[in-house]
Amino acid sequence: MNVNDYITEIRINKAKALLRDTNKSIADVAYETGFNSPAYFTTLFRQKQNQTPSEFRKGAGV
């Protein structure tokens with residue numbers, strides 16, 4: 001795993017925690033975890049987790 005992939009993994013894990021534990025919007029979670037674009041965040045999240053942030057939140061019971 002290269003450095004960029006490692007950092008992205010950490011950011012996605014932080015985003016998962018925020019999605020699970022807060023009611024912040026998807027855009028707020030994206031910005032808080034260092035993504036400049038909520039659309040890019042959603043695309044990357046889907047690639048890594050095989051679901052969108054909204055789907056993840058619904059599955060997490062928030």
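Readers should treat all values here as calculations from the given coordinates under stated rules, not as data from a laboratory. Owing to the predicted nature of the structure, the values given are computational and were not obtained by experimental measurement. In this analysis, Cβ positions are derived from the backbone assuming ideal geometry, glycine residues included, and neighbour counts consider all displayed protein chains.
Report, in order of residue number, the helices in the chain meeting two criteria: a C-alpha extent of 18 Å or more along the helix axis, and a mean Kyte-Doolittle hydropathy of at least -0.5; treat each whole DSSP H run as one helix.
3-21
Residue 21 to residue 43: FRET efficiency via 1/(1 + (r/R0)^6), r the Cβ-Cβ distance, R0 35 Å, to the nearest 0.05?
0.95
Relative contact order for the chain: what is it in percent, counting Cα pairs under 8 Å that are at least 6 residues apart? Display every interim value, and only then the final one.
On the way: 45 pairs, mean separation 20.2, N = 62.
33 percent.
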